[in-house]
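Take a look at the structure set out below.
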Amino acid sequence: MATISAALAISFLPSPTRFAVATTTSSSSRIKRAARFRCCSEPSSQEQQTSAAPPTPPRPPENPARASPSSLLGISTSAWSAGVAGLGFLETGYLTYLKLTGSEAFCPISGGGCGDVLDSDYSAVFGIPLPLVGLVAYGLVTALSLQENGTDLLPGLDDLDIQLTLLLIATSMATASAYFLYILSTKFVGVSCSYCMLSAFLSFTLLFIRVKDFGFERIQKFAGIQLAVAVIIALALTNSYSSATTQLKGTDDFVLEPYETEITTESSPFAISLARHLHSIGAKMYGAFWCSHCNEQKQMFGREATKILDYVECFPNGAGKGKKMTKECQAAGLEGFPTWFINGKVLSGDQELEVLAEASGFAAEGTEQSKEILPN
C-alpha cells in the first residue's frame, strides 16, 4: 500500500519533488503523508504556471456608447434634442416642398393666414427660402444629437465639440425665431401662422435642452459666445429684410391696381379742427389703399376732414408683382398700416380722435357732441 500511495503521489508532483519521492520510498510515514497531502491540495506544474500568470484584462468594447451628460424625465438630453429636431426637420421639409413647388399651404387654424406669411418677402433670407434654411439647421441638430447619443454619423468630433456646436446652433435658431415672432406681430397684424409658432416653440425647446445639457453654472463660460452669435443673427436678418415689404396673399401672381375708398361719413367740427391742427404741425398718416384699418381711420375723420389730412399712400402704383412700397414709406421704417407720425411720436394702427388730439397737443373748444361723427 505504501508503494502504491507513493506512486500516485509521484504522478501529480512537479519533477523535482517527483524525483525526491521516488528515491525515498522507504522513508517514514511522515513523508508519505506529505506526499498524499500535496497530491490532493496542490496543482500540477502546468496548472501552477497558469495560475501564476497575471490575469488578462477584459477587452474593451470596440465602440462604447458615450454617456449622456444629463437627462430630462429619465431620457437623455441628446435623445430629446434628436426628437425635437426631427419634428422640426419634418415641418420645414413640408414647408420647403410647398415653397419650391408653389403649392398652397394647409392652415390647421380656420381662417389662418399661413399663405400670407409664406408668400411674403419675409419668407426668404438673402434670396434663400427660409424653410430650406430651417431644414438644414434642424437636420444638422438631429445628426449631431444622434452622434452625441452614440451613433457614429460624424466621426472625428468629441463630446465637447458636439455640445458646443449644438448650443450655438440652438442659440442661433432661438434668436431667429424671436426675430420672426416680432415680424409676425408687427407686419402681419391679425394674421395667424401655425407653422411659425410651431417652429418657434421647437427652437426655444432646443435651446432649453442644450442649456440643461451644459448646466447653468458651466454655461456661463460660453455666455459671451452665445451673445455674439445672437447679435450676428439679428443684424444679418435686419440687413436681409431692410427692403422687404408686406404684401397681400398671392400678390406675386397678379397686380392689384390702386383704387379709392369712398368716405361715407360727414366730418364733425371737432374732426375738422383736429385735421387742421394735425396739418399745421406736419403730422402725417401713412397708409395703403388696400388697408381696411386705414379706411376705418378715414371714416372716423369723415369726408371733409380726410381731405385736410396729410395722408401718404405707400402703394400709389398698386400692389403685387413688381410693385414696391415708395421710398418715403421705406425710409420711415413702417411696421404696419396705418402709422401716424406726430411730433416725433409714432402711433401704429387706427387711433381714436381723442388719442390723436392728445398726442398732438390739440385743445378743442366746444362740447362733447362736437366730437361725434355724423353718418351720411
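Working note: Karplus 6.51/-1.76/1.60 with θ = phi - 60° gives region 337-348 the couplings 10, x, 10, 9, 10, 10, 6, x, 9, 10, 10, 9 Hz, where Gly and Pro are set to x. Karplus-based coupling profile of region 225-238, in residue order and whole Hz: 5, 4, 4, 4, 4, 4, 5, 4, 5, 5, 5, 5, 5, 4, with θ = phi - 60° in 6.51 cos²θ - 1.76 cosθ + 1.60 and x standing for Gly or Pro.
Between Val125 and Leu130, the built amide H atoms are under 5 Å apart, and every one of these is 5 or more places off in sequence or on another chain. Placing pseudo-labels 7 Å out from each Cα toward the beta carbon at Glu358 and Val136 gives an inter-label distance of 4.9 nm. Each residue, Thr238 and Tyr259, gets one label point 7 Å from its Cα in the Cβ direction; the gap between the two is 3.9 nm.
Within the set of other residues whose C-beta is less than 13 Å from the C-beta of Phe214, count the net charge using Lys and Arg as +1 and Asp and Glu as -1.
Working: positive: Arg210, Lys212, Arg218, Lys221; negative: Glu148, Asp159, Asp213, Glu217.
Net charge around Phe214: 0.
Rolling a 1.4 angstrom probe over the protein heavy atoms with all chains in place gives region 77-248 an accessible area of 47 Å² per residue.
Taking every DSSP beta bridge that has both residues in region 269-360, what percent is antiparallel when rounded to the nearest 5? Among the beta bridges of region 269-360, antiparallel pairing accounts for roughly 70 percent. Close amide H contacts of Ser76 (hydrogens built in the peptide plane, cut-off under 5 Å, sequence separation of 5 or more or a different chain): none are found. For the residues His277, His293, a 1.4 Å probe over the protein chains yields an accessible-area ranking, largest first, of His293, His277. Over all other residues within a Cβ to Cβ distance under 15 Å of Val229, the charged ones net out to +2, with Lys and Arg as +1 and Asp and Glu as -1.
Exceeding 26 Å between C-alpha atoms, which entries from my cross-link table qualify? They are Lys323/Lys345; Lys187/Lys284; Lys307/Lys327.
Exceeds cut-off: Lys323/Lys345.
The fraction of Cα-Cα pairs per 10 angstrom bin, counted from 0 for region 269-360, comes to 17, 53, 26, 5, 0 percent, rounded to whole percents.
The values are calculated or read from the model by the stated rules, or taken from the named source; none is laboratory data. Bear in mind that the values here come from a model prediction, so they are computed numbers and not experimental data. Note: ideal-geometry Cβ built from the backbone for every residue, glycine included; neighbour counts use all protein chains shown. Side chains are part of the model used for accessible areas, which takes the heavy atoms of the whole protein and leaves out ligands, DNA and RNA. Shrake-Rupley method; radii C 1.70, N 1.55, O 1.52, S 1.80 Å.
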